Every structure is written in structure tokens, then in C-alpha cells.
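Step one of this worksheet: look at the structure below.
Each value in this text was obtained by applying a stated rule to the coordinates, not by laboratory testing. Remember, predicted model here, so these are calculated numbers, not experimental data. Reconstructed Cβ throughout: ideal geometry from the backbone, glycine too, with neighbour counts over all protein chains shown.
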Amino acid sequence: MKTFYLLALVCLLCAPHAWGGELVVLVDRAADMPMSRIENGRLAGGVHKMLGEALARGTGRELRFLLLPRKRIARALQQGEADILCGYTPEWIEGDYLWTEPVFTAEEVLVTDARQPQPHSIADLRGQAIGTILGYQHPEIEKVLGAGFVRDDSPNMETNLEKLARGRVHHVLIARAVLEYRQRLRAFPLNLHPPLTAASFTTRCAVSRKGHLSLGEANRAIAAAARDGTLARILAQFR
């Protein structure tokens with residue numbers, strides 16, 4: 001009997017997905033508000049912070065955020081340096097991961113400076129520079145424009161919008177929620193043509209196959225956050 005209890009204790013201690021322990025949430029350092037507010041190298045606010053906190057509560061784990069440059073994210077997740085990365089779709093990141101149930105739905109739009117001719121479709125922008133974020137993928141745009149998709153990369157969206165304001169670029173790809181949030185914050189909102197829908201998508205979380213979080217745990221935490229209204233409150237706070 002003593003041997004049985006010792007074996008049971010060892011199994012509990014060694015179980016890779018036992019309740020408790022640490023949850024390492026990976027966040028793109030280039031993301032800015034409303035997705036992330038980074039202060040002194042730490043994640044201080046935004047959707048990623050609130051979602052990470054909800055996942056930690058739902059899994060009973062101690063939360064730690066790992067902020068990395070966009071180009072290092074895939075490698076870190078594949079190697080198990082972090083457990084989970086949220087706000088992505090399988091088309092946006094290379095590697096083999098476990099994908100959760102949907103978390104948020106979002107829309108990517110293309111905006112054009114009102115001082116420029118108004119485009120009536122994405123195809124109208126073939127060969128014209130479009131403000132994008134370094135390392136971000138836009139498969140829907142690539143499908144429409146092909147070799148005519150001319151990227152003008154910036155490190156983050158705030159830089160893109162400043163380039164748009166200064167006339168250094170005339171078109172920018174941006175999530176509608178981010179655009180609306182940023183326009184509200186500006187003392188003088190950008191004068192833009194009505195946005196063109198570039199893509200509609202449902203974001204999920206990528207769970208590392210080498211991490212310490214199971215797909216089941218992640219899905220249960222997401223479902224709990226949806227049931228108790230946490231996900232809706234996160235989005236409402238930044239609308």
C-alpha cells in the first residue's frame with residue numbers, strides 16, 4: 001500500500017498538464033494598443049494582457065508573459081519556450097502547433113489617405129506601396145495582388161499611421177478595431193476614405209507541442225472566459 005501511494009504521488013508530480021504551475025504566454029513585442037501596452041519592457045495593458053490573465057485563471061496557473069520580436073515567435077513556440085500564443089490563425093505563423101477553438105473574430109481593412117484618389121477595390125492598389133508591419137502575413141492580399149503587392153514595412157502600427165499622416169505612405173493595412181481605437185485617441189483623427197475590407201478572420205491560440213499546457217486546458221479556459229462574459233468585456237473595453 002505504501003508503494004502504491006508513493007507511485008501515485010510521483011505520477012501527480014510528473015504529470016505534464018497537472019493543475020497549477022506556470023503559464024507562459026507569448027506576445028509579439030511589435031503589437032501596440034489596443035492589443036498590447038508595453039512599458040519598461042513589460043506588458044502593462046491591452047487585449048493580450050487581459051486574455052492571458054483569463055487563461056491563467058482558467059488553468060489555475062501562475063502567469064508569465066514572454067515578449068519577443070515577431071521573427072522569433074515561431075521558433076520560441078516550437079521549442080517550448082512558451083506555452084501559448086493568442087490572436088493568430090494557422091496561416092499567419094509557420095510551425096506545427098495545436099490550435100484552440102475560436103477566441104475573437106476580427107476584420108482587416110485597407111485605409112487610404114483622403115488626399116489620394118479613392119480605391120474601390122483591393123485590386124486597384126496593385127503596384128502601389130501599402131503600409132504593413134514587418135513579419136506579418138497577409139495571404140488574402142497576396143492572393144488578390146500577387147506580385148503587385150508592394151509592402152512598406154514598419155515595426156508597428158503606430159509608425160504606419162504616422163507615415164500615413166505625413167504622406168510617406170498612402171495606404172495601410174490595419175485591423176478595424178485598432179483603427180477605430182487609434183482614431184479616437186488622436187487629437188486630429190486621420191482624414192481617410194471609407195475602409196475597404198481586406199479580410200475577415202477568426203483568431204485562435206496556438207498551443208506549443210513542447211509546452212506545459214494541454215489543448216484541452218486551453219479550450220476549457222477559453223470556454224469559461226466566454227461563458228462568464230470575460231471575452232466580451234475585453235473587446236468592449238477597447239471599442
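Computed values, structure above
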quantity	calculated
Bins of 5 Å, starting at 0 and running to the largest distance - Cα pair percent for the range 106-200	3, 14, 27, 29, 19, 6, 1, 0
Listed residue (L134, A199, H170) projecting farthest to the positive dipole end of the range 106-200, Cβ model	H170
Net charge contributed by nearby residues that have their C-beta within less than 12 Å of A76 (K/R +1, D/E -1)	+3
Loop-located trypsin sites (Lys or Arg not before Pro) in the range 91-177 whose Cβ has at most 16 other Cβ within 10 Å (DSSP)	R115, R126, R166, R168
Whole-Hz ³J(HN,Hα) from phi, Karplus 6.51 cos²θ - 1.76 cosθ + 1.60, for the range 156-172, glycine and proline x	7, 6, 4, 4, 4, 5, 5, 5, 5, 5, 8, x, 7, 9, 9, 9, 9
Spatial separation of Cα centroids for the range 109-123 and the range 163-234, in angstrom	21
Label point distance in nm, R227-K71, each placed 7 Å from Cα along Cα→Cβ	4.4
Using θ = phi - 60° and Karplus 6.51 cos²θ - 1.76 cosθ + 1.60, couplings along the range 180-196 (whole Hz; Gly, Pro as x)	5, 5, 5, 5, 5, 7, 6, 4, 10, x, 5, 8, 10, 5, x, x, 9
Note, ³J(HN,Hα) from phi for the range 111-117, Karplus 6.51, -1.76, 1.60, rounded to Hz, x at Gly and Pro	10, 10, 4, 5, 7, 9, x
Residues of the range 165-189 with amide N under 12 Å of a point placed 7 Å along Cα→Cβ from A114	189
Computed over the range 102-233: relative contact order in percent, which uses C-alpha pairs under 8 Å that are six or more apart	40
Nonlocal amide H pairs with R29, under 5 Å, H built at 1.01 Å	L68, R70
Cβ-based net charge around S200, under 15 Å, with every Lys or Arg adding one and every Asp or Glu removing one	-1
Lys, Arg +1 and Asp, Glu -1 on Cβ, resulting dipole of the chain about Cα centre, debye, nearest 20	420
